[in-house]
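Okay, structure first, notes after.
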Amino acid sequence: WGVRATAPIPARSFVCLYSGRVLTAEAADAFADRIPLAEEYLFSVRPGSGPDRVGRRELTLDAWAYRGVAAFVNFSCAPNLRCVPARLQGEGGHTIVAFEAQRDIRAGEELTYLRDWQRLQRGGGTGYECRCGEANCRGTY
């Protein structure tokens with residue numbers, strides 16, 4: 001899978017939202033235990049900084065069954081997108097994740113982001129093999 005820009009995208013432009021059902025971190029762990037392949041589509045969102053984060057728990061966006069285009073954006077050690085958490089207004093105030101262009105992106109260029117892998121393989125593993133092919137590849141994510 002992968003997503004390519006159909007037109008030039010200027011730096012700092014909104015590109016898309018990472019969407020999915022909202023799970024607690026505990027529910028996401030249980031879901032990944034039942035369906036290991038789903039872990040690739042779980043995006044953990046930590047509460048932001050500041051006084052409003054007190055009492056808020058880490059949430060996970062589950063794009064396994066309910067996904068938008070951002071679920072098909074690949075990881076890279078030299079990404080052209082960055083993740084921008086944003087808090088929705090209203091009751092519950094759920095956090096969403098927007099992808100924004102880090103630099104000017106050419107038409108036809110693959111869209112990528114750096115996966116801050118918060119859930120390395122359980123049991124202290126080193127994570128999953130990265131295959132981005134970049135010169136500065138970390139080897140795992």
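If you check GLY125, GLY108, which single one turns out to be out of contact with any helix residue (DSSP H, G or I) (no Cβ under 7 Å at 6 or more places or on another chain) and at pLDDT below 90?
After applying the criteria, what remains is GLY125.
This table checks each residue for (1) of a type outside the set (D, E, K, R); (2) at pLDDT 85 or above.
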position: ILE9; (1), (2): yes, yes
position: VAL15; (1), (2): yes, yes
position: ALA28; (1), (2): yes, yes
position: ALA32; (1), (2): yes, yes
position: GLU40; (1), (2): no, no
position: PRO47; (1), (2): yes, no
position: ARG56; (1), (2): no, no
position: ASP62; (1), (2): no, yes
position: ARG67; (1), (2): no, no
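With the requirement that a residue be part of a helix (DSSP H, G or I) and open to solvent by 60 Å² or more (accessible area, probe 1.4 Å), what does segment 22-38 give you?
Within segment 22-38, GLU26, ASP33, ARG34, PRO36, LEU37 qualify.
The values are calculated or read from the model by the stated rules, or taken from the named source; none is laboratory data. Because the structure is predicted, anything quoted here is derived from the model rather than measured. With ideal geometry, Cβ positions are generated from the backbone for all residues, glycine too; neighbour counts draw on all protein chains shown. These accessible areas exclude ligands, DNA and RNA; they are computed on the full protein's heavy atoms, side chains included. Shrake-Rupley method; radii C 1.70, N 1.55, O 1.52, S 1.80 Å.
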